[in-house]
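S.K.: If you scroll down you'll find the structure; I have some questions about it.
All of the numbers you see were taken from the coordinates with simple rules; none came from a lab. All values reported here derive from a predicted model rather than from experimental measurement. Backbone-built Cβ (ideal geometry, glycine too); neighbour counts: all protein chains shown.
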Amino acid sequence: MHCMPCKCVEYFVYYLLFTLDDIVLCLPQLCLCEWHSLIIPKSHFPSLEATLPSVIAAICSKVPFISSTIVKAIVSNSFNLLVNNGEAAGQVIFHTHIHIIARKAHDCLWASELMIFQIFCLFFGQLTCKFTSNVA
């Protein structure tokens, strides 16, 4: 089977940052934001529940090292760790992988954050909040 992450491992189709043991760290071609990265096992598993527990443990054991390196590189202190598992959850590449998405304060990356921010401003009657320029 030749899914995109398998090609990433074999042919570096994505931007390869490095390999470590049995995982690959890549920047996806379609990034959600700056420093959106993927941790991908070299072994093929189509979903999280099909992935061997030892492989999940290997991936997760790398998260502290990788995430701290990424957030330091972009001067941040926060990140989201995300797995889309199944089509209804937004999985479009059926090879287990974990997203590390570095975040900055008030970046309003998710639509729900923007909505909460707008409700907060309306509720407290603050039509101009100090973060409005970041939301635009």
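S.K.: Whole-Hz ³J(HN,Hα) for each residue in segment 73-90, computed from phi via Karplus 6.51 cos²θ - 1.76 cosθ + 1.60 with θ = phi - 60°, x for glycine and proline: what do you get?
M.R.: Per residue, the Karplus-derived 3J(HN,Hα) values read 5, 10, 6, 9, 9, 9, 7, 9, 10, 9, 10, 8, 10, x, 4, 5, 8, x Hz.
S.K.: Net charge near Leu81: determine it from the other residues with C-beta under 13 Å of the C-beta of Leu81, scoring Lys and Arg +1 and Asp and Glu -1. Each step should come with its number before you reach the end.
M.R.: Details: positive: Lys62, Arg103; negative: none.
Result for the local shell: +2.
S.K.: Based on the mean of other beta carbon atoms within 10 Å per residue, what is the order of 52-65, 90-103, most packed first? It would help to have the intermediate numbers written out before the result.
M.R.: On the way: 52-65: 13.2, 90-103: 18.7.
Ranked from most to least packed, the peptides come out as 90-103, 52-65.
S.K.: Give the long-range amide H neighbours of Ile23: residues separated by 5 or more places, or on another chain, with amide H under 5 Å away, using H modelled in the peptide plane at 1.01 Å from N.
M.R.: Distant-sequence amide H within range of Ile23: Lys42.
S.K.: Summing Lys, Arg as +1 and Asp, Glu as -1, what charge do residues with Cβ under 13 Å from the Cβ of Ile70 carry, Ile70 excluded?
M.R.: Working: positive: Lys62, Lys72, Arg103, Lys104; negative: Glu34.
Neighbour charge sum, excluding Ile70 itself: +3.
S.K.: Asn84 versus Leu52, label points 7 Å from Cα toward the beta carbon: distance in nm?
M.R.: 2.7 nm
S.K.: Tell me whether segment 25-75 comes out rounded, prolate or oblate; compute the Cα gyration tensor, take square roots of the eigenvalues as a ≥ b ≥ c, and use a/c under 1.5 as the rounded threshold. Show your work: numbers first, answer last.
M.R.: Details: a/c = 3.19, a/b = 1.58, b/c = 2.01.
Judged from the Cα gyration tensor, segment 25-75 comes out oblate (a/c at least 1.5, b/c at or above a/b).
S.K.: May I ask for the net charge around Trp35, where only other residues with Cβ less than 13 Å from the Cβ of Trp35 are counted and Lys, Arg are +1 while Asp, Glu are -1? Before the final figure, lay out each step's value.
M.R.: On the way: positive: Lys72, Arg103, Lys104; negative: Glu34, Asp107.
Surrounding charge for Trp35 is +1.
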